[in-house]
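Have a look at the structure below before the remarks.
The values are calculated or read from the model by the stated rules, or taken from the named source; none is laboratory data. Keep in mind the model is a prediction, meaning the values are calculated, not measured. No Cβ is skipped: glycine too gets one built from the backbone with ideal geometry, and neighbour counts run over all protein chains shown. Surface accessibility is based on the protein's heavy atoms, side chains included, excluding ligands, DNA and RNA. Shrake-Rupley method; radii C 1.70, N 1.55, O 1.52, S 1.80 Å.
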Amino acid sequence: MTYNQKPKPDDRSDNVEKLQSMIHDTIENMEEAEASLELATNEEQRAQIEAKNERRRESIDAFRAEIKDEAHAQQNGNNR
């Protein structure tokens, strides 16, 4: 069966808000992981938690860069 569906237009008007929410959620996850470090029973668990938080920090940096790009695009009227 073939459907003649058109793709939805790419509405990026709320991307900045979504990215800010993602940053907030990631920071909360980092804080919970930091608290769990006290309960880690061995060095391997501690290393895994610390490595994951480092990846989270990298993600937050990428989210912030994307927010700048999106905000700049919105200011220029490029909601694609």
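The number of residues in segment 12-51 that are within 30 Å of Ala71 (Cβ to Cβ), open to solvent by less than 100 Å² (accessible area, probe 1.4 Å) and over 13 Å from the mean Cα position of the chain (by Cα) comes to 5. Looking only at segment 15-43, count how many residues are within 30 Å of His72 (Cβ to Cβ) and among the hydrophobic types (A, V, I, L, M, F, W, C). Going through segment 15-43 one residue at a time, the tally reaches 6. Put simply, of Arg46, Arg56 the only residue that is among the basic types (Lys, Arg), in contact with a Ser or Thr (Cβ under 6 Å, 6 or more places away or on another chain) and assigned to a helix (DSSP H, G or I) is Arg56. Identify all residues within segment 22-80 that are closer than 30 Å to Arg12 by Cβ and among the small types (Gly, Ala, Ser); write none if there are none. Passing the criteria: Ser59, Ala62, Ala65, Ala71, Ala73, Gly77.
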